[in-house]
Amino acid sequence: MSRFTDHFAPVATDYQRHRPSYPPALFTWLAQQAPHHHLAWDCACGTGQAAGALAGHFRRVLATDASEAQIRAAQAVPGVEFRVAPAESCPADDGSVALVTVAQALHWFNGQAFHRELGRVLSPGGLLAAWSYGRLETGTPALDALLHRFHDQTLAPWWPPERRHVINRYQDLALPFEPLQTPEFAMQCHWNLSQLMGYLGTWSAVARCREATGQDPLQALAPALAAAWGEAATPRPVSWPLTLRVQRAPGDPAHA
């Protein structure tokens, strides 16, 4: 099992407040593909963005994260049990899980150990659904140029190496089962400037830069971003296309 490094402990509370929600249609579609609705496991759940949505489709949701800070920051949701646990060790019975979701976290895992745990906990015909999102888009060229430069250049020394998998849309991450064809989904918000800045502050590279240098890279970005945004209170569209990979475990779902 790999040694866990908690990249998000310094921003766990902000993560709960400022990370965008995933589209409800994603969870509806996943539930329709699942062999049963008894139990879903939201692995590396963070503060529960996906777990709460899963609770609307499954009788019980087990939400785990190796980060104690993230679990402490999660808000209680009926039907969701939050537990501190690594991806490679799920507190679920053998063959009991209909759906395993991994939202914006697969790139942190010890792949082989996680795959073994999937084989243990998934029901026959159970699903693995892993997704990620990379650079956001506002549709305003001046804003997008600033944000891309901040992501790709200013923060380049501070991104963990695993970030490359997100930018590469998970194309080079091996998964153990048969892939399913998936619809396209995107996250969409209308945010004012303060909400955007709150989101940027949840990036692990921002936290690492602050810790290493004692300087806040967002302070340097803020004037140019404000000038390109215009009236700070004006909401603007913000979107993130999702990279979604879904696979089905072996076995007959009728026997789940």
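Please treat every number below as a calculation from the coordinates, not as lab data. Not measured: the values here are computed from a predicted model. As a convention, Cβ positions derive from the backbone with ideal geometry for all residues, glycine included, and neighbour counts pool all protein chains shown.
Listed values, structure above:
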read-out: Semi-axis lengths, Å, segment 116-256, gyration tensor of Cα atoms, sqrt of 5 times eigenvalues; value: 37, 18, 12
read-out: Cα-Cα P(r), segment 161-202, percent of pairs per 10 Å interval; value: 18, 32, 34, 15, 1
read-out: Mean Cα-pair separation over length for segment 99-181, i.e. relative contact order, pairs under 8 Å, 6 or more apart, %; value: 38 percent
read-out: Net lengthening on full extension, Trp29/Glu81 (0.36 nm per residue, minus Cα-Cα); value: 16.5 nm
read-out: Radius, Kirkwood style, for the chain when every pair of distinct Cα atoms is counted (Å); value: 19.0 Å
read-out: Arg169, Arg116 arranged by Cβ crowding within 10 Å, fewest neighbours leading; value: Arg116, Arg169
read-out: Among Ala55, Ala98, Gln215 the positive-end extreme of the charge dipole of the chain (Cβ point charges); value: Gln215
read-out: Selected from Glu211, Glu137, Glu88 as most flexible by GNM, with the chain as the system and alpha-carbon contacts under 10 Å; value: Glu211
read-out: Stretch gain in nm, segment Asn192-Ala227, where the contour uses 0.36 nm per residue and the Cα spacing is subtracted; value: 11.3 nm
read-out: Extreme residue, positive dipole direction of the chain, given options Trp159, Leu146, Met187 (C-beta unit charges); value: Leu146
read-out: Residue of Leu127, Leu62, Leu180 that the Gaussian network model of the chain assigns the largest fluctuation, springs spanning Cα pairs under 10 Å; value: Leu180
read-out: Tilt relative to the chain, helix 204-213 - C-alpha long axis, 0 to 90 degrees, to 10; value: 50 degrees
read-out: Most mobile of Gln112, Gln33, Gln219 in a GNM of the chain (Cα contacts under 10 Å); value: Gln219
read-out: Taking Leu143, Leu175 and counting other C-beta atoms within 10 Å, the order from fewest to most; value: Leu175, Leu143
read-out: Efficiency of FRET from Cβ geometry, Asn110 and Asp172, R₀ 22 Å, rounded to 0.05; value: 0.90
read-out: Segment 110-151: equivalent-ellipsoid semi-axes (sqrt of 5 x gyration tensor eigenvalues, Cα, Å); value: 39, 13, 4
read-out: 0 to 90° range, to nearest 10: angle between helix 24-33 axis and the chain longest Cα axis; value: 20 degrees
read-out: Distance between modelled label sites at Arg59 and Glu211, nm, 7 Å Cα→Cβ extension; value: 4.1 nm
